[in-house]
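To start, the structure itself, in structure tokens.
The values are calculated or read from the model by the stated rules, or taken from the named source; none is laboratory data. These numbers come from a predicted model, not from an experiment. Every residue, glycine among them, receives a Cβ derived from its backbone with ideal geometry; neighbour counts consider all protein chains shown. We work out accessible area using only protein heavy atoms, side chains counted, and drop any ligands, DNA or RNA first. Shrake-Rupley method; radii C 1.70, N 1.55, O 1.52, S 1.80 Å.
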Amino acid sequence: EVVAQVEAACRSWGAPLSPLGLRKLQEGLARSSAVLSPPTIAWRLAQLRFFAAGEQCWPQVTEMCARRPEVFMDASVKKIWEEDGLLAIHKPWGMRVYLPRNDAGDRYRTWPGELTVHDWLKEMFPNQRTYMCNRLDFATSGLMLVALNQQAAKHASALFRKREVHKFYQALVLGHPPVNWDGNGNRLCDRLRDVPGRFARSVAGAEGQAAETTVKVLQRGQWPKDPPYQGGCSEGSVETKLRRLEASLVQVEPKTGRRHQIRVHLASSGHPILGDDAYGGQPWGKRWTCHRMFLHSWRLR
């Protein structure tokens, strides 16, 4: 049923799967133990359709669906732990915490059927107000803490405000960082600033916001694990072989909580997060060759 859904979607946007693409999709899904539901697949396909329409890159999206079927394997909020009015959840990548607001202050859905963390929580707790204790970027996956009553929310918010909660992330970055990122890690302290008219932020001089991130290398290697190819999975395209890329798994602990802090600090150090289109993390310099940004909130202490 999943294969049929993806086949129909690729055909509908004018870039049908080729025989090679169909085989790659089936092989990728067979390797996974994830339980995939039709509504979850439909939600992710609607999201891909929305973003691809803005760039008119339908063959590339079909290619990604075929070669990276894991794009469908993390698309729902999951409960991890619950105790004393606090709930730990897993947020998938590519999902907002709340709907954005327009100029009039009204919330809106960016594409038809968009779901947020808030939507999932309303379904999980239909008669109960929930409180977000921390937030993650749209493209970041992993742990979030939610309070289920006002008392727990006040307590958790105070801990975050006093910086008594330690947040740890894992990221897959391009390149092999220097040896001073090993052991106890390295401090990244570039100040940050907004850039007028742009979504991305940049490093700044003395006028910028103070920011501090500790990062250490956990493993150096190459990405992807298997020899990479591009093309050939949508009808009419030609398959070409790509080179594997040097990549490293790093642990990141932000000491401050600036917007895009981890992403800017890693990019400015010369090791952008794999899949981070805003900060130079596209594999081989091409969009749509990676199904997500590899930044994951994995521990709160």
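Keeping every protein chain in place, order Lys78, Lys122, Lys216 by accessible area at 1.4 Å, biggest value first, i.e. largest first. Please report the intermediate quantities before stating the final value.
Values: Lys78 85, Lys122 110, Lys216 65 Å².
If we order Lys78, Lys122, Lys216 from most to least accessible, we get Lys122, Lys78, Lys216.
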### Query
Counting alpha carbon pairs within less than 8 Å and at least 6 residues apart, what relative contact order, in whole percent, applies to segment 169-263?
36 percent
### Message
For the pairs Lys24/Lys286; Lys167/Lys216; Lys167/Lys225; Lys162/Lys255, flag any whose C-alpha to C-alpha distance is greater than 19 Å.
### Response
Lys24/Lys286; Lys167/Lys225
### Message
Shape verdict for segment 84-218, please, from the Cα gyration tensor: rounded (a/c under 1.5), prolate (a/b greater than b/c) or oblate.
### Response
prolate
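Averaged over every viewing direction, what's the projected area of the C-alpha convex hull for segment 207-301? Give it in nm², one decimal, please.
So the Cα hull casts an average projection of 7.8 nm².
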### Task
For segment 3-73, take the alpha-carbon Rg, divide it by the Kirkwood Rh, and send me Rg/Rh.
0.93
### Task
At a Cα cut-off below 15 Å, give the aspartates and glutamates reachable from Lys79, other chains included and same-chain residues fewer than 8 away excluded.
Asp119, Glu123
### Placed amide H near Lys91: partners under 5 Å, 5+ positions off or other chain
Gly142, Leu143, Met144
### Query
Where the accessible area of segment 117-221 is counted over protein heavy atoms with a 1.4 Å probe, how much of it, in %, is carbon and sulfur?
47 percent
### Query
Expressed as a rounded percentage, what relative contact order does the chain have, with Cα pairs under 8 Å and six or more residues apart?
19 percent
### Query
Largest first, how would Ser18, Ser12 line up by accessible area (1.4 Å probe)?
Ser12, Ser18
### Message
Can you compute log10 of I(q)/I(0) for segment 1-129 with the Debye formula, treating each Cα as one identical point scatterer, at q = 0.11, 0.12, 0.22 Å⁻¹?
### Response
-0.46, -0.54, -1.31
### Task
Please identify every one of the GluC sites (Glu not before Pro) in segment 1-108 that sits in a loop by DSSP and has no more than 12 other beta carbons within 10 Å of its own beta carbon.
Glu1
### Query
What are the semi-axes of the equivalent ellipsoid of the chain, taken as the square roots of 5 times the eigenvalues of the Cα gyration tensor, listed largest first and rounded to whole Å?
32, 26, 18
### Query
What accessible surface, in Å², does a 1.4 Å probe find on Lys79, ignoring ligands, DNA and RNA and rounding to the nearest 10?
120 Å²
### Message
If exposed means no more than 12 neighbouring beta carbons inside 10 Å and the site is in a DSSP loop, what's the longest run of the chain without any exposed chymotrypsin sites (Phe, Trp or Tyr not before Pro)?
### Response
200-301
